[in-house]
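Derivation of every value follows stated rules applied to the coordinates shown; laboratory data play no part. Not measured: the values here are computed from a predicted model. Reconstructed Cβ throughout: ideal geometry from the backbone, glycine too, with neighbour counts over all protein chains shown.
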Amino acid sequence: MKIAVMSCIHSNYEALDAVLRDIDRAKAEKIFCLGDLVGYGPEPHAVVEMIRSLDIPTVQGCWDEDIVEGLNSCECSYPSVLAEHRGRFAHEWTKEQIYPDTIEFLAELPKTMMYENLAFVHGSPHSQHEYLLPELDGFIALERVLSTGADTLFCGHTHVPYVRSLDAGQLNIRVTGTKENQDSTFTAPLKRIVNAGSVGEPRHGRPNATYVIYDTDTEEVTMREVEYDYQKTCAAIIEKGLPKIFAWRLAKGMEYAERADDASHLCERGV
Amino acid sequence: MSNLKNESQIIAIAGLAGAGKTSWILQQIQIATQTSAQQIVYFAPSSGTVAIDANLVAIQFPDVEILSDGQELDLFTKVANGAIAYVELGFHLDLAKMPLLDSIPESLSYHKVAVCPRGRHYAEFQSWADRVVESDLDTAQISSQVQVWRSPLTGQVFDPSSLNVFWYELTEGGYGEVYRCKGIFDLADGRAFYIDYTKGKESVYIELRLPRWLEGRPQRFSGIEVVGAGLDNSEMIKSITDCCLSDEIIQNYQQQIKRSQLISV
């Protein structure tokens, strides 16, 4: 069975619409969404309504959480004061735009989802705010997958799609504090992290939306890059009073505000 | 770019934005200071309160005397007493209407230098100048509708990561088409940088030879100048404002730097 996994829509309705059409063409039977439905873009309510009306299983992203619980970002979120100003402005703008029942919907989203041997999270199983960057230390990456009990972990949040295989991971564990320290070694089976990229706020240098198709029978992952009328979204950004630089950055495939890219940073907030 | 002989004289330099006028002057001053003890004067008429080039010259060569508008007679007197004066004419000035140049006493030696892109003919500059210095500026895509935007930044302290992002957006066209931009910026760790961009070239970052400013907001010149077309001034102001640090954060950084300086001593 083919499933589609998408993430980080960020209030970009035009991009979401194009991705849903592409999923339809690809004949995926099920869709999973990894959160960040809102934030930065111009159509938060329309995006949430679309996800809701199609009953797409969705986990809560960091932006969705912040809209529900108030801005409580950690240092993972803003690599500069400029990014922080822009993020805070977009947060306040989004909060003013969305309706109470939209907030209620975002509040009820789960933080993780399981389907067969697959796990779905926004950032990492540890925190919606934590980045599982492709360069993350292999042991930590493997620990994050193992903590879900799944073989494949789908995540988003970085806005750059990737597939990382954690094959034949050999774990050496020493248990201390007993009479004799006990060493044990075991080999973990092949695990994978699949990052779905971003539908509405790409960071790969082109404005196109990205998502993935996964075949549960063959375990094949297909990265999809979908062109859409990004200029419509850019026009809506300007028309609705969001910073014009967001439109320029979206057109360049550079995200609305830059993100942390320190692969060694681990989020200190728990789920 | 070749140099002129050191002698008592006024050298007026003109050219397009980004042609390399200030670079040529800095090169000449470097040579002059190495070969003689002659007094050197720099003057950039009508550069207003955001005189980035004048401040750069002053920082790089503290012995050079910087004159400003209203000190034209001083300039003549200094040259008459043996100084060499570099007069940098901004690209926005009309070379046919320069009262300063028209009023230079006949007794003073006076040369006109145009800095022009290599292999290109610029009648306005070439017919005006006694000598043309070639530079490698690419002028192919420069519009005739040039705008200039300047802002003083004195007292502002930049978050370096934010300044990097803003500078990237600026030079890549996020606020309109930019042919040339330059600025002097104070950073959180007390250092000051000169950053210079000309379309088609990489930005140049130069740490200025200034003491670290670790006592509140810097009371020394900083500023930015942008030359381009279709510039969105209000968006630039918004982004620049969002790159700057609050008093509290500045104080925190300064205390950290002072502590680390104590430890390293």
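Structure above, values below:
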read-out	value
For segment B:9-135, convex hull of alpha carbons as volume per residue, Å³	105
Separation in nanometres of the label points that stand 7 Å from Cα toward Cβ, at residue A:95 and residue A:206	3.8
Lys, Arg +1 and Asp, Glu -1 on Cβ, resulting dipole of segment B:147-264 about Cα centre, debye, nearest 20	500
Residue B:229-residue A:232 FRET efficiency (beta carbon distance; Förster radius 30 Å; 0.05 resolution)	0.70
Among B:205, B:167, B:151 - extreme Cα towards positive end, dipole of segment B:146-265, charges at beta-carbon	B:205
Compactness of the protein assembly as shown as Cα Rg over 2.2 N^0.38 Å, two decimals	1.23
Taking segment B:136-251 and dividing mean pair separation by its residue count, relative contact order in percent (alpha carbons under 8 Å, at least six apart)	37
In Å, descending, principal axis extents of the Cα set of segment B:22-75	31, 23, 17
Around residue B:157: net Lys/Arg minus Asp/Glu count, Cβ-Cβ under 10 Å	-3
Residue-wise HN-Hα coupling along segment B:54-70, computed from phi with Karplus coefficients 6.51, -1.76, 1.60 (Hz; x: Gly, Pro)	4, 5, 5, 4, 4, 6, 6, 10, x, 7, 6, 8, 9, 9, 10, 3, x
At 0.692 mPa s and 37 °C, Stokes diffusion of chain B via Kirkwood alpha-carbon radius, µm² per second	166
Candidates per GluC sites (Glu not before Pro) in segment B:152-192, loop by DSSP, up to 13 other Cβ within 10 Å	B:172
Per DSSP, loop GluC sites (Glu not before Pro) in segment A:1-70 with at most 12 further Cβ within 10 Å	A:29
Under 5 Å, built H, 5+ apart or other chain: amide partners of residue A:157	A:8
Electrostatic dipole magnitude of the protein assembly as shown [Cβ: Lys, Arg +1; Asp, Glu -1; Cα centre; debye, to 20]	1160
P(r) of segment B:150-229 over all Cα-Cα pairs, binned every 5 Å from zero, in whole percent	3, 15, 27, 25, 16, 9, 4, 1
Longest to shortest principal axis, alpha-carbon extents of segment A:2-252, angstrom	68, 41, 34
Calculated over segment A:1-150: convex hull of Cα atoms, volume per residue (Å³)	122
Summed side-chain charge close to residue B:246 - residues other than residue B:246 whose Cβ falls under 13 Å, Lys, Arg +1, Asp, Glu -1	-4
Cα Rg, Dmax (largest Cα-Cα span) when computed across segment B:121-265, Å	18.2, 61
Cleavage-rule hits (GluC sites (Glu not before Pro)) in segment B:1-108: DSSP loop, at most 14 neighbouring Cβ within 10 angstrom	B:7, B:106
